[in-house]
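Structure first, then comments.
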Amino acid sequence: MQSNQLLPFKYRPLVAAILLGVSAQSHAQQEVGLVLEPVVILASRSNIEADKAPQTVVVIDRKEIERQLAISGNSSDVLSSILPSYTPSRGKMNGSGETLRGRTPLILIDGVPQSNPVRPTGREAHTIDYSMVERIEIVQGPNAINGLGATGGTINIITRRPEKGSMNQTVDVQVTAPTTHVEGDTLSYKSSYRIDGRLDKLDYLFAVSYEDQGLYLDGKGRSIGVDVTQGDLMDSRSYDVLVKIGYRPDDQQKLQFSVNRYRVKSKANYLGVAGDRKLGIPSTSVEGTPPGAPAWNDVWTSSASYNHYDLAGMELSAMVFNQEFVGLFGADKSATFQDVKIAPSGTLYDQSRAVASKFGSKVGLTKAGLLDGRLKLTAGIDTLSDKGKQDMYLTGRTFVPESKYTNFSLFTQGEFRIFDTLTLHAGVRRENADLKVDSYRTLAAYKNTFVEGGKIKFNETLANAGLVLTPVKDVTVYASYSEGFGLPDIGRTLRSINTPGQKIGNMRNLEPILTEGIELGTRVRKGDWELDAAYYRSDSDFGARVISVNGVFNMAREKTRLEGYDASATYRFSKAHRASIAYAYTKGRYDSNSDGSLDAKLDGLNVAPNRLIASWSANWSDKLSSYVQLQHAFNQGFDDPAKEFSGYTLTDASLSYKISKGTLRVGIANLFDKDYITYYSQSALVEPARYFAGRGRSVTLGYSLGF
């Protein structure tokens, strides 16, 4: 498939109108605890400050991450507790259905992609312990500056950096328990240790964490159902090891090497008991050993980077990286796995394993100060080689054949200050890629169909443009247009083929997902007030929608549209007290019968509910601080009445107190012990076995000591 137009979509007239006549500015949303001083967004690839970006940018700093971790250690909980446009966490090892503005975000760790385009597993949000994280950058809306996969936005997780001093050590321990049935199997434990320092030209960091999670209980004291097949964080053990070494030959150069190893594995102590949706009875767990091997994630993320901050008046950034991912799903007797040549129908247990290996590089060169300081240009080259497959772990059968995605991309990004109050941002990225798939046969459930392998080429030119205007002091407005590039879930497409005579090179369902987005917004900073608002819309003429067939997720290719708006307000009562409220509305539709009209609603497997988040932070003294947050998910209807969503309200709180040596903290999740069914279980799919309740009230006691 070839495309050489910079703006090949229907938005061209609209973009021209926006850029010439619409008032808007970047919505650099700042919730409680988010970074206040100007911050350069590394995910932008062009050193854009968060307050000056022509689209919604959120930066979550370490203080806010620590507040959230005091309440819940689940990385998806951290994101959904801060971003109302992010789908409420499933609370499981698998995060399929967790979207950003209704589309899939590209997740990076220090710029290294965690998302696997050949066979997305839904495990991308669980590849690092957030205690290893310094800050998180979220660029919302489709964009292609980091390449493949950011149709919903980019989430760049930046790992901890060494503190000042030749040697700093930190020890942290915590225990989490429900407020009913406090027993050995319902307790969770976590401990971590970190040592870091900065020497003359060398800096270093070594960190390790270990977590043992027990059985979760709902608001009525019942055990929450375990998801044996997709994987569960409940009743699991995990560890993370992070090593970073940095070397500065002089003030203008830096070399850095980083390796992170993360592993989470089910302890396999429980079996799931199906619930009853009609009676409102959720799935539960009973003691027992599931068949097969326990579900797990095993991830290595490695990178080596070089920065030169004054290379002939330019700034050079270069990186090579590698990610090795293996995700094992639990065993079951799914109809998809049955093969009478191996065992009688309905008796065969099997489990799938996804394997991915990626190598890549990123090089960027930025020159500022051109045209009397009005122009800044960035150009770069990216490469990626991503190889993956999915097999049946117990029987050795092929589920998704070996596939290799290879990409070579060129990009340039410019920032031109037209007037002192008006700045134009524009860029273009050329994607040159191919996908090679081996010949294979599908499983017996799909008639052991032979599929001839082959290669598909993807050549796309993607553009972005935006205007940032400051009409009066303390007010900025923006308008932007951007294009995102992603692949459909190739694995889900390939594994479900049941029609003979298929060839890889002729499959239209493997064509890329091209997403075009517009965003209009404003930001006001006046005294103690911070006000933000943004409207967005994104369209894909040949998009992707996740559907569930017999408990197995598949992919439907259809025209899709997401639109909505975000709004937030923050007020500082004083230096010690700050309150914030944020709301996100999202509407998603798709073309269900290929007639060109968007006639159907996207369900909870593809889009988040409308949500409100409020928070209040207080520093009562130099020693005592507190934090309270409230999340409300509004009722929502879908085309399938069985997926109608009954909203809920959750309240969390935490308290921190500094003692003579160290800091004590207590966090309470679901403060009022609300009994509810998760959004995913209500509105993503209708399965009694996955009718999961949310976690009831739990208390986390922690202690940290730095020395």
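For the set Ser166, Ser258, the ranking by accessible area, highest first and with no ligand, DNA or RNA atoms included, is Ser166, Ser258 under a 1.4 Å probe. Here's how it looks for Lys559: its modeled amide H is under 5 Å from those of Gly543, Asp591, which are all 5 or more places away or on a different chain. Scaling against 2.2 N^0.38 Å puts the C-alpha radius of gyration of region 373-523 at 1.48. Give the share of C-alpha pairs in each 20 angstrom bin for the chain, from 0 to the last occupied bin, in whole percents, shortest bins first. Percent of Cα pairs in each bin: 17, 54, 27, 1. For the pair region 90-164 / region 656-707, the C-alpha centres are spaced 22 Å from each other.
For region 491-504, putting each phi into the Karplus relation 6.51 cos²θ - 1.76 cosθ + 1.60 with θ = phi - 60° gives couplings of x, 5, 6, 5, 6, 9, 6, 9, 10, x, x, 7, 10, 4 Hz, in residue order, rounded to whole numbers and with x for Gly and Pro.
Extension gain for the segment Ser594 to Asp372, taken as residue separation times 0.36 nm less the Cα-Cα distance, is 74.7 nm to one decimal. For the chain, the relative contact order is 15 percent, taking Cα pairs closer than 8 Å that sit 6 or more residues apart in sequence and dividing their mean separation by the residue count. Distant-in-sequence amide contacts of Arg123, defined by a placed amide H-H separation under 5 Å and a gap of 5 or more residues or a different chain, comprise Gly95.
Any lysines with Cα under 16 Å of the Lys674 Cα? List them, leaving off those in the same chain fewer than 8 positions away. The qualifying lysines are Lys220.
Taking 13 Å as the straight-line reach from the Cα of Lys63, the aspartates and glutamates in range (excluding those fewer than 8 positions away in the same chain) are Glu31, Glu134. The mean accessible area for residues of region 76-153, using a 1.4 Å probe and ignoring ligands and nucleic acids, is 12 Å² per residue. Of the residues Leu598, Ser621, Ala584, the one whose Cα sits farthest towards the positive end of the charge dipole of region 566-707 is Ser621 (charges of +1 on Lys and Arg Cβ, -1 on Asp and Glu Cβ, taken about the Cα centre). Protein heavy-atom accessible surface, 1.4 Å probe, per residue over region 548-707: 43 Å². A 1.4 Å probe run over region 306-345, with the rest of the protein chains in place, finds 46 Å² accessible per residue.
Derived scalar couplings between HN and Hα for region 471-485 equal x, 9, 4, 6, 10, 10, 9, 8, 9, 8, 10, 8, 10, x, 10 Hz in order, rounded to whole Hz, by the Karplus curve 6.51 cos²θ - 1.76 cosθ + 1.60 (θ = phi - 60°), x for Gly and Pro.
If you take all other residues with their beta carbon under 15 Å from the beta carbon of Pro641, and give Lys and Arg +1 and Asp and Glu -1, the sum is 0.
Compare Trp300, Trp620 by solvent-accessible area with a 1.4 Å probe and give them largest first, with all protein chains kept in place.
Reading off the accessible areas and sorting them downward yields Trp620, Trp300.
In the assembled protein chains, Phe645 presents an accessible area of approximately 0 Å² (probe radius 1.4 Å).
Here Leu630 sits with roughly 60 square angstrom of accessible surface, probe radius 1.4 Å. Per atom type, the chain shows carbon and sulfur on 57% of its accessible surface, probed at 1.4 Å. Here's the list of aspartates and glutamates a cross-link from Lys190 could span, going by alpha-carbon distance under 16 Å and ignoring same-chain residues fewer than 8 apart: Glu66, Asp129, Asp172, Glu211, Asp212, Asp235, Asp240. Modelled spin labels at Ala569 and Asp541, positioned 7 Å past Cα toward Cβ, are 4.2 nm from each other. Rounded to the nearest whole Hz, the Karplus-based 3J(HN,Hα) values (6.51 cos²θ - 1.76 cosθ + 1.60, θ = phi - 60°) of region 586-597 follow the sequence 9, 10, x, 9, 9, 8, 7, 10, 6, 9, x, 9, with x at glycine and proline. One decimal place: the segment Arg161-Ser191 gains 8.9 nm when fully extended, by the rule 0.36 nm per residue minus the C-alpha distance. Pairs of lysines in region 310-424 whose Cα atoms sit within less than 24 Å of one another amount to 12, provided the residues are eight or more positions apart or on different chains. Given q = 0.15, 0.20, 0.27 Å⁻¹, what are the Debye log10 I(q)/I(0) values for region 346-422, with equal point scatterers placed on the Cα positions and solvent ignored? So the normalised log intensities are -0.69, -0.89, -1.13.
Considering helices alone, the calculated mean residue ellipticity of the chain at 222 nm is -1500 deg cm²/dmol, with DSSP H runs of length four and up weighted by -39500 (n - 2.57) and normalised per residue. Using a probe of 1.4 Å on the protein chains alone, the accessible area found for Asp310 is around 80 Å². For every other residue with a beta carbon closer than 11 angstrom to the beta carbon of Leu462, add +1 if it is Lys or Arg and -1 if Asp or Glu, then tell me the sum. Net of charged neighbours comes to -2. Its Cα gyration tensor gives region 37-109 an equivalent ellipsoid, and the semi-axes of that ellipsoid, as √(5λ) in whole Å with the largest first, are 23, 16, 10. With a cut-off of 10 Å between beta carbons, the residues surrounding Ser654 carry a summed charge of 0, where Lys and Arg count +1 and Asp and Glu -1. Accessible area per residue (1.4 Å probe, heavy atoms of protein chains only) ranks Met234, Met555, Met167 as Met167, Met555, Met234, with the largest value leading.
The values are calculated or read from the model by the stated rules, or taken from the named source; none is laboratory data. Just so it is clear, the structure is predicted and the values come from calculations on it, not from any experiment. In this analysis, Cβ positions are derived from the backbone assuming ideal geometry, glycine residues included, and neighbour counts consider all displayed protein chains. Areas reflect the complete protein model, heavy atoms only, side chains present, ligands, DNA and RNA absent. Shrake-Rupley method; radii C 1.70, N 1.55, O 1.52, S 1.80 Å.
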